[in-house]
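Data block below; observations after.
The values are calculated or read from the model by the stated rules, or taken from the named source; none is laboratory data. Only a predicted model underlies this, so the values are computations on that prediction, with no experimental measurement involved. Cβ sites come from the backbone with ideal geometry, for glycine too, and all protein chains shown count toward neighbours. For the accessible areas, the whole protein counts, side chains as well, though only heavy atoms, and no ligand, DNA or RNA atoms are used. Shrake-Rupley method; radii C 1.70, N 1.55, O 1.52, S 1.80 Å.
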Number of protein chains: 2
Amino acid sequence: MGTQAQSSEPVGSVGIVVPETFRFEEAFALQCGETLDGFELVYETYGELNARRSNAVLICHALSGNHHAAGFHAESDTKPGWWDTCIGPGKAVDTDRFHVVALNNLGGCHGSTGPASSNTATGKPFGADFPIVTAEDWVRSQALLADHLGIERFAAVVGGSLGGMQAMQWAIDFPDRVRAAVLIACAAKLSAQNIAFNEIARQAIMSDPEYKSGNYRSTDTNPDQGLGLARMIGHVTYLSHDGMGQKFGRELKFGDMSRARDVEFQVESYLRYQGQSFSRRFDANTYLLMTRALDFFDPAARFDDDLVAALREATAGFLVLSFTSDWRFAPARSKEIVDALIAARKNVVSAVIESEHGHDSFLMPLPRYVEVFRTYMNRLADEAEGDVAPETPGAA
Amino acid sequence: MGTQAQSSEPVGSVGIVVPETFRFEEAFALQCGETLDGFELVYETYGELNARRSNAVLICHALSGNHHAAGFHAESDTKPGWWDTCIGPGKAVDTDRFHVVALNNLGGCHGSTGPASSNTATGKPFGADFPIVTAEDWVRSQALLADHLGIERFAAVVGGSLGGMQAMQWAIDFPDRVRAAVLIACAAKLSAQNIAFNEIARQAIMSDPEYKSGNYRSTDTNPDQGLGLARMIGHVTYLSHDGMGQKFGRELKFGDMSRARDVEFQVESYLRYQGQSFSRRFDANTYLLMTRALDFFDPAARFDDDLVAALREATAGFLVLSFTSDWRFAPARSKEIVDALIAARKNVVSAVIESEHGHDSFLMPLPRYVEVFRTYMNRLADEAEGDVAPETPGAA
């Protein structure tokens with residue numbers, strides 16, 4: 001089952017990994033009412049599934065993430081997977097102890113069925129016609145992947161940001177299949193401000209003439225400018241005010257400030273570079289779809305806006321982490337989740353981590369963050385190996 | 001001199017006002033090294049200049065402001081000037097006591113010389129060729145307007161946001177001509193985050209194909225989409241997280257959330273409306289120019305980044321106000337100014353006002369804000385009328 005290969009990677013790396021593809025051949029009804037004629041999910045695994053099949057961990061990705069969460073695809077790769085800081089031998093999610101599954105979500109642009117895939121009804125790419133996908137749809141598709149992999153119950157479902165929201169949805173929708181949910185830098189639903197930033201990003205994409213109502217692939221164009229702008233907006237909001245100040249301050253890239261001539265601040269060229277590089281590697285329709293899924297996430301909605309009621313049937317233990325300088329998903333938003341979990345008499349561990357790196361903190365090797373995360377995961381690994389009696393669900 | 005006319009406006013309004021134009025016919029050298037063959041500034045005045053010419057107050061506008069700060073242009077107007085909450089008979093800036101001067105800045109798009117004006121060298125609109133204008137340039141052009149109006153010394157130079165920055169520049173550059181500087185919701189220089197948001201706004205405008213390298217007027221087009229996006233970005237950042245939450249929450253405009261179909265949140269349509277309406281009334285090149293002036297503002301730069309040194313020669317008294325939920329120009333940024341003023345042994349009054357309205361608070365009739373502002377201004381009016389000895393400059 002493992003896709004891990006031998007390699008001479010540095011200590012702490014899962015080494016060279018090879019993505020695999022899960023093909024679901026049956027009709028898959030989405031929350032929006034539309035139905036896909038099956039789908040494919042691309043995924044990677046790291047570490048061995050144990051004989052009791054009790055040590056599997058699902059990694060859910062955020063807005064711009066994918067299945068390549070750790071390790072390298074080739075010896076020549078200079079950058080590892082997006083969460084290599086936390087996944088690997090001896091790391092917070094220890095691949096010597098866990099069998100880690102990471103996938104590209106339905107609607108994604110890294111190999112799973114999404115807007116760039118061919119629509120069997122038309123023979124052309126779905127483009128903007130790809131149906132709306134929600135966190136609930138994702139969780140159901142991930143459960144089908146788990147069936148395929150022979151994983152009845154995950155030791156943990158883990159994610160940051162939109163990934164944490166999926167972990168929460170797992171605990172609510174499949175209480176018997178999640179032993180622990182790790183929710184990092186997330187919220188029980190988006191605020192008006194969050195929706196507003198997402199909407200501006202969408203407008204930037206859709207108002208780019210190269211977007212062509214979402215059919216840019218058919219016309220061999222790409223809304224580079226709009227997608228770049230969307231990324232720039234996101235990027236600024238994922239960093240903190242003070243963090244940006246420390247990184248860039250008012251440093252100039254070039255120009256003569258005293259004469260206000262040809263001045264370019266470092267932060268400007270950095271942002272433009274981020275925008276340009278993102279629009280080369282990400283799909284605009286997927287970006288629209290992911291931000292919509294973020295906006296729509298609201299598991300309490302079908303419980304009369306009562307988050308405690310939404311969480312009542314969950315049996316998982318919860319780890320809830322947030323970061324002091326994260327203003328998109330602030331500690332106050334995590335506290336709302338923790339308070340609801342306590343009121344619902346769940347087993348919850350939570351910590352607010354000091355950090356100047358804003359929302360992006362969850363991707364960084366911050367010592368206290370990694371230590372709290374690893375300690376929690378190691379206890380789960382002990383339980384999975386049967387050394388320790390599992391937590392009593394429902395103990396607050 | 002007054003442009004105020006009689007009218008049956010409600011109590012507290014300056015009534016119907018008529019803009020006037022000041023024409024400066026000589027060459028005006030800008031900080032960037034370029035020279036304008038003269039310029040025009042459109043302005044309004046409210047209240048009578050007293051015999052001693054000691055009661056004049058200059059109102060400096062912010063990014064999207066103009067000369068129409070109070071009153072109405074016609075009986076049929078439904079909206080008064082942009083700061084009518086604070087300017088009028090009995091208001092914080094009491095037009096029964098002060099002679100108020102409000103202008104449209106050089107580079108503006110409401111009648112003063114700017115990118116839409118004809119370039120005498122080419123006979124065409126300047127467009128993107130309009131030279132870079134800085135806060136220092138603005139202050140010098142405003143001093144020429146003051147000369148024209150026979151105002152040797154202002155009782156106060158007053159502004160919020162970018163307007164407050166001009167008030168600070170006045171106190172530094174013309175110490176003998178400013179009795180008090182009122183700095184509301186501003187900063188001694190922009191942070192990297194602020195510059196980043198401005199740069200994204202500029203990119204949104206410049207990447208709009210209708211921008212046409214700034215020559216959209218010659219081609220009879222307008223970068224509506226880009227300017228609208230720029231405004232949306234600005235608007236979200238001028239509001240607070242909690243304020244937006246209270247105003248919009250997750251209320252839907254239409255759609256079926258349970259099926260994730262055709263959903264539109266209220267905040268989305270509100271923002272789009274704001275963007276569209278702004279792009280009809282504002283000029284894209286002026287927006288670029290104003291955000292550049294904001295980025296470049298840094299009066300300490302020519303004093304080896306020492307703000308205390310920059311303020312040392314100022315003789316004005318200072319009122320410095322900020323708002324708790326303002327995250328673009330946070331209270332911490334005002335505190336930097338206050339600390340420098342204290343270290344420079346200036347006479348400074350400061351207050352942090354509780355508000356949920358973010359940066360836009362400075363435009364709102366918040367009781368404590370208006371009371372602090374009015375009390376300070378009334379003392380200045382007393383001094384201007386000679387009832388009270390002026391403050392001793394330099395007393396800390």
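See the values below:
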quantity: Cα-Cα P(r), segment B:263-355, percent of pairs per 5 Å interval; calculated: 3, 11, 13, 14, 16, 14, 11, 8, 6, 3, 1, 0
quantity: Relative contact order for chain B, counting Cα pairs under 8 Å that sit 6 or more residues apart, in percent; calculated: 16 percent
quantity: Two-site FRET efficiency, residue B:74 against residue A:29, from Cβ-Cβ distance with R₀ of 56 Å, rounded to 0.05; calculated: 0.40
quantity: Cβ charges +1 (Lys, Arg) and -1 (Asp, Glu), total dipole of segment A:297-396, debye; calculated: 100 debye
quantity: Residue among B:310, B:344, B:51 with the largest mean-square fluctuation in a Gaussian network model of chain B, springs linking Cα atoms under 10 Å; calculated: B:51
quantity: Rounded if a/c under 1.5, otherwise prolate or oblate - chain A, Cα gyration tensor axes; calculated: rounded
quantity: Accessible surface buried once A binds B (1.4 Å probe; total of both sides; Å²); calculated: 4400 Å²
quantity: Where N is the number of residues in segment A:211-252, Cα Rg divided by 2.2 N^0.38 Å; calculated: 1.71
quantity: For segment B:248-259, Karplus couplings with θ = phi - 60° (6.51, -1.76, 1.60), whole Hz, Gly/Pro x; calculated: 10, x, 10, 4, 8, 7, 7, x, 10, 4, 5, 10
quantity: For chain A, with +1 on Lys and Arg beta carbons and -1 on Asp and Glu, the positive-most of A:200, A:165, A:69 along the dipole; calculated: A:200
quantity: Whole-Å semi-axes of the protein assembly as shown's equivalent ellipsoid (Cα gyration tensor); calculated: 55, 28, 24
quantity: Distances in nm from residue B:48 to the matching label points in the other copies, shortest first (labels 7 Å along Cα to Cβ); calculated: 9.7
quantity: Other protein chain Cβ atoms within 10 Å, averaged over every residue that makes up B:185-193; calculated: 5
quantity: Of the DSSP H helices in chain A, those whose Cα atoms cover at least 30 Å axially and whose Kyte score averages -1.0 or more; calculated: none
quantity: Quarter of Cα convex hull surface for segment B:125-231, i.e. mean projection, nm²; calculated: 8.2 nm²
quantity: Options A:241, A:307, A:288, ranked by Cα towards positive dipole end of segment A:208-323, top entry (Cβ charges); calculated: A:241
quantity: Accessible surface of residue B:124 - all protein chains present, 1.4 Å probe, nearest 10 Å²; calculated: 130 Å²
quantity: Three-way shape call for segment B:50-108 based on the alpha-carbon gyration tensor, with the a/c threshold at 1.5; calculated: oblate
quantity: Charge dipole magnitude, Cβ of K and R +1, D and E -1 - segment B:195-293, Cα centre, debye nearest 20; calculated: 120 debye
quantity: Solvent-accessible area per residue, Å², over the protein assembly as shown with all protein chains present [probe radius 1.4 Å]; calculated: 37 Å²
quantity: Eligible lysines near residue A:91 by straight Cα distance, threshold 20 Å, same-chain separation 8 or greater; calculated: A:79
quantity: Label geometry 7 Å along the beta-carbon vector: residue B:124 inter-copy distances in nm; calculated: 3.8
quantity: Largest to smallest accessible area among A:202, A:97, A:312 [probe 1.4 Å]; calculated: A:312, A:97, A:202
quantity: Qualifying aspartates and glutamates (Cα of each under 20 Å from Cα of residue B:124; at least 8 residues distant if same chain); calculated: B:25, B:34, B:37, B:40, B:210, B:220, B:283
quantity: Greater than 25 Å apart at Cα, pairs in A:189/B:335; A:247/A:335; A:247/B:189; A:212/B:212; calculated: A:189/B:335; A:247/A:335
quantity: Spatial separation of Cα centroids for segment A:339-380 and segment A:61-79, in angstrom; calculated: 23 Å
quantity: Distance (nanometres) between label positions extended 7 Å along Cα→Cβ at residue B:37 and residue A:121; calculated: 6.4 nm
quantity: Other-chain or far-sequence residues with amide H under 5 Å of residue B:182's (modelled H); calculated: B:157, B:158, B:159, B:319
quantity: Accessible surface ranking that places the most exposed of B:120, A:315 first, with a 1.4 angstrom probe; calculated: B:120, A:315
quantity: Per-residue average of Cβ from other chains inside 10 Å of B:270-279; calculated: 2
quantity: Selected from B:79, B:189, B:335 as most flexible by GNM, with chain B as the system and alpha-carbon contacts under 10 Å; calculated: B:79
quantity: Derived scalar couplings ³J(HN,Hα) [segment B:297-309; Karplus, 6.51 cos²θ - 1.76 cosθ + 1.60; whole Hz; x for Gly, Pro]; calculated: 4, 5, x, 6, 4, 7, 10, 6, 6, 9, 5, 4, 5
quantity: Shape of segment B:195-293, Cα gyration tensor, a/c cut at 1.5; calculated: prolate
quantity: Under-5 Å amide H pairs with residue B:327, H placed in peptide plane, nonlocal only; calculated: B:359
quantity: Segment A:238-287-segment B:155-192 distance, computed between alpha-carbon centres (Å); calculated: 28 Å
quantity: Of all accessible heavy-atom area on chain A, the percent that carbon and sulfur account for (1.4 Å); calculated: 48 percent
quantity: Kirkwood-based Rg to Rh ratio, segment B:5-164, C-alpha trace; calculated: 0.98
quantity: Protein-only accessible surface order, largest first, of A:298, B:37, A:220 at 1.4 Å; calculated: A:220, B:37, A:298
quantity: Label-reachable residues, segment B:272-316, where backbone N falls under 19 Å from a point 7 Å from residue B:247's Cα toward its Cβ; calculated: B:272-282
quantity: Long-range HN-HN contacts of residue A:265 with modeled amide H, under 5 Å; calculated: A:253
quantity: Exercise: per-residue mean of other protein chain Cβ atoms within 10 Å, B:257-265; calculated: 6
